[in-house]
1. Picking from GLY47, GLY8, which residue would you name as being farther than 15 Å from ASP103 by Cα and surrounded by 13 or more Cβ atoms within 10 Å (Cβ to Cβ)?
2. Would it be correct to say that VAL81 is under 14 Å from the mean Cα position of the chain (by Cα), open to solvent by less than 10 Å² (accessible area, probe 1.4 Å), within 16 Å of SER175 (Cα to Cα) and modelled with pLDDT of 80 or more?
3. For the range 104-128, name all the residues that are open to solvent by less than 10 Å² (accessible area, probe 1.4 Å) and either at pLDDT 90 or above or not in a loop (DSSP other than H, G, I, E, B) (or both).
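The values are calculated or read from the model by the stated rules, or taken from the named source; none is laboratory data. In this text the structure is predicted, and so the values were computed from the model without any measurement. All Cβ positions, even for glycine, are placed from backbone atoms using ideal geometry, and neighbour counts span all protein chains on display. Only protein heavy atoms, including side chains, enter the accessible area calculation; ligands, DNA and RNA are left aside. Shrake-Rupley method; radii C 1.70, N 1.55, O 1.52, S 1.80 Å.
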Amino acid sequence: GTYTNSQGLTVDVSNVDITAAENTNPTLSVEPDSVSGTAAIDITADGVTISGLTIERISAASDNRTLAGHAQGISVQASDVVIENNELIGSLNADGGTPDEFDGIVVFDPYNSGDGGTTENVSISNNDVSGFDTGYVTTVFYSLSSIVRDVSFANNNATNNRIGFAAKAHKGSISGVS
């Protein structure tokens with residue numbers, strides 16, 4: 001079935017496995033009521049697995065479609081995370097205009113990591129991401145002393161995105177991205 005909301009899903013409990021049951025196709029569809037950076041799934045706890053889902057991250061109200069605040073389909077701000085066998089669908093050019101400013105799957109340093117934080121050992125495999133500004137992103141954003149390391153990408157597809165894969169450090173450092 002399809003679960004639709006405007007708030008997204010936050011996974012803030014460690015060692016959680018969200019996996020589709022065999023022969024099912026669950027869909028999480030997130031469309032915020034206003035322009036926001038709300039992720040469809042925001043992972044802030046270690047040891048999480050997301051597998052076998054269809055995730056739709058629709059931009060905010062159509063009159064503000066290009067102001068989505070760099071929202072994500074899946075946001076990873078934790079360690080020992082597995083993202084596999086998912087389909088992520090964004091609303092790139094849904095109104096015939098420019099790409100929305102948001103990403104399919106983004107791995108970055110923990111939010112509020114002013115003194116530095118580490119995100120590591122993240123595996124992203126066998127996903128299909130389409131309709132986003134950037135399909136897959138690894139970035140350090142919050143702190144000069146933050147670290148993102150040991151992030152692996154394998155057998156992923158990126159179609160109908162402005163950019164397929166990107167690694168960027170606004171602050172801090174990134175290492176071991178493959």
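1. GLY47
2. Answer is no for this residue.
3. The answer is GLY104, ILE105, VAL106, VAL107, THR119, VAL122, ILE124, ASN127.
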